[in-house]
1. Over region 635-709, what lengths in whole Å, largest first, do the semi-axes of the equivalent ellipsoid take, defined as the square roots of 5 times the eigenvalues of the alpha-carbon gyration tensor?
2. Rounded, prolate or oblate: which fits region 279-431, taking a ≥ b ≥ c as square roots of the Cα gyration tensor eigenvalues, rounded meaning a/c under 1.5, else prolate when a/b beats b/c?
3. For region 600-682, just list the percent of Cα-Cα distances falling in each 5 Å bin from zero outward, please.
4. Which three extents, in angstrom, do the Cα atoms of region 102-152 have along their principal axes, listed largest first?
5. Cα extents of region 31-142 along the three principal axes, largest first, in whole Å?
6. Modelling each spin label as a point 7 Å along the Cα-to-Cβ direction, I'd like the residue 632/residue 712 distance in nm, to one decimal.
7. What residues from region 49-76 fall in the zone where the backbone N is under 13 Å from a label point 7 Å along the Cα-to-C-beta line of residue 10?
8. Given Cβ point charges of +1 (Lys, Arg) and -1 (Asp, Glu) and nothing else, what value in debye, to the nearest 20, does the dipole of the chain about its Cα centre take?
Amino acid sequence: MNFKEGTKIYAYEVRREGGEDILYVNYMGAPYVPSLEDSGEVMERTIDFLIENPQASRIVFVQQKNYNYDFRETLMLLEIAQRYVFLLKQEKVLSQEKLISPGCEQFFSQRYNELFSFLFLLKRDPILAYSDLNRLRIEAKISLDKKNDKYKNDQSSYIRLLEKIIGLLENTKIIQEITPYLNEYSSGDRNIYHKIFKVDTIPNFTFTRLVSDLPSDAEIVNQYKIIGDDYDESLVTILKKKNEPKFIYHLIPPENTLSEDHNILLNLARGVLIEHQPKAEEFVDTERTRQVFFNISRDLLQDLAQTKKISLSFSDVNKLATILVRHTIGFGLIEVLLQDKKLQDISLNAPIPMTSVFVRHQDYDECITNILPSQEDTDSWAAKFRLISGRPLDEANPILDTQLEIGKIRARIAIIQRPLSPDGLAYSIRRHREEPWTLPLFIQNKMINPFAAGLMSFMVDGARTILVAGTRSSGKTSLLGSLMLEIIPKFRVIVIEDSLELPVESLRKLGYDILRMKVRSALLKTTSEMSADDGIRTSLRLGDSCLIIGEVRSVEAKALYEAMRIGALANVVAGTIHGASPYAVFDRVVNDLEVPITSFKATDLVAVANPIKSADGLHSWKRLLQFAEVRKHWKQDPLLEKGFVDLLRYNVEKDELEPTEDLINGESEIIKDIASNVRGWAGNWDAVYDNILLRAKIKKELVDTAQKIGDMNLLESEFNTLANHSFHEISDNVSKEIGLPMSSRVFPEWQKWLNQEVKKRRI
């Protein structure tokens, strides 16, 4: 529904549609999004309109989007409107005869002000009004005991009036439904209305602005296409302006290249699809909801095309349906950006309508885009992320960490709002690689070298406890995911995360016995989700398993170290943590997270990943800078007592990780401990080191072969898993034959297997 141009803001009309009377209120031009939940002004105005139109059964606020409140919610406000009228006009609660007894005129002014304030509040905030009225009753009863006998009857009459009004309110739906939540209610906190009011947002096609023209004073650096679905293709142009450090990321999505006929069909379809808006609970299963909505869109577009005599090919129908889904139940142009495999981060800074979207590009670092999302779209996305995550996002909980999965696209979403972000909503979106990172991929990208990959693979097989440390955007989570792929699939893996970032689904498809547990974010005070420390303790009851912690960031650290110390987990334990060095990790674990000093010794290894920068400061690359073992002899300070011993150290001049003398000379206590439990390795450093070199040689051979034949799929998770399985199988066979998996015997057999697999793939 649209009001005629020139209609005054806040004007309303009641329309009879589909057997019900709908109250439409015009909010076009209002400086805010209308919301009964969040605005006392909007609620008061709506109740005033309902007083004049008590037959209304549905409320719709009309703005760039329509905000719909159904019969149940409308009835709640109608009951408040009816009681307001009854108290003011029939009961005349502000009259002198109602408020005082003869001879008690001195109490009239105070009581009049009390009930006047109550009636004023009743339309703006009925829950606060009810709460204040109960407070008045308590104060009045306390005052009764202090009154002279002369005024006791008058005070009792006033108390009875208050109790009658309270009784009227307690019979309303709004108070009855909110009663279970009153224990956690803070006076004046409107977040409580979100418990009972669930607005249906009916979006239009798109409100996000897109600067279509290329800047005339910029030089084109690169241009490429983003291929989404079979019928979804966007054009990206990278530009550079003189004297500006950032590149320009200029996007032309398919919706901006549509013909006039196609635009007509989309606008018509948008109107019809209002009747098919998914319910809130349907957003939980986003993949299914999107598929259903896509099918409905296809059928609708074909019907409209026939009616309008517009010719549509099969690819046209799918393309338009994809766009329609994206701009109705989806996330608009954010989805297009997430289709670009070269993007790593997407930032929407507050105030969003006034700030272009920023992206971090793998080749051009941070870029400014030509995209300016509208407030309507960003508000809608926030509501959808609340539904998808099942977590709150409001003034009491101004931070939301969640994830988005659309087909193969996976992204971590971080949202902040007021009061933490005084300028409103802001988003930080981390795009995950569609397939998990592998150690061979990291070798190719120079984050690690083959020797580091071989050593880390050895440590995973040795069932060590590993913390992957680093700053934000250092590649911690990706590196942890690659280590998960080094676990032999016959072992069970339990993954504990508050935001689902690790490649669990990919590993499950590869045949891993893997269980994911989603726990409460450390940023949340209350939620239905289990806390991370409870999740870790629960994992100990699930049998012998590898334990992977998405990020160690709060009180769960104590439970994690408890698990490591008691040896309840006989396989690898690994997680990520913020820290720029092994000692920084120690400082965070012991001083910030309050893990006992002696418990920290349960950490075997700390891998430190951090970006390195070019001398001009304009470029950066992700690198593993340090791989250190934690020795067990120290008592108070591992730095002063030489508790940290580097096994690998980054050489900045060579851009290369190098083994330290301690490792080369066989002085690693962790490796010796691993070897002590393996027949043929105990006391045989040469055999142990040979195995590390063997693993390194295999990883290098995989990368070299992929580059030689031009098949980078050899570095992906599926083939990486096959290669690891072949390595372990061949090693087992050689061990049975000669007692040890010597490199001279294992590598030629594995290389033979690799050549055969490559030949199969090329036939």
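The values are calculated or read from the model by the stated rules, or taken from the named source; none is laboratory data. Everything quoted here is computed from the prediction, not taken from an experiment. When we count neighbours, we look across all protein chains shown, and the Cβ atoms used for this are built from the backbone with ideal geometry, even at glycine. With ligands, DNA and RNA removed, areas are computed over all heavy atoms of the protein, side chains included. Shrake-Rupley method; radii C 1.70, N 1.55, O 1.52, S 1.80 Å.
1. 27, 21, 9
2. Here region 279-431 falls in the prolate category.
3. Over region 600-682, the share of Cα pairs per 5 Å bin runs 3, 13, 19, 20, 17, 13, 8, 5, 2, 1, 0 percent.
4. Between the extreme Cα coordinates on each principal axis of region 102-152 lie 37, 20, 11 Å.
5. 57, 25, 24
6. So the label points at residue 632 and residue 712 sit 4.4 nm apart.
7. Answer for region 49-76: 49.
8. Dipole magnitude for the chain comes out near 580 debye.
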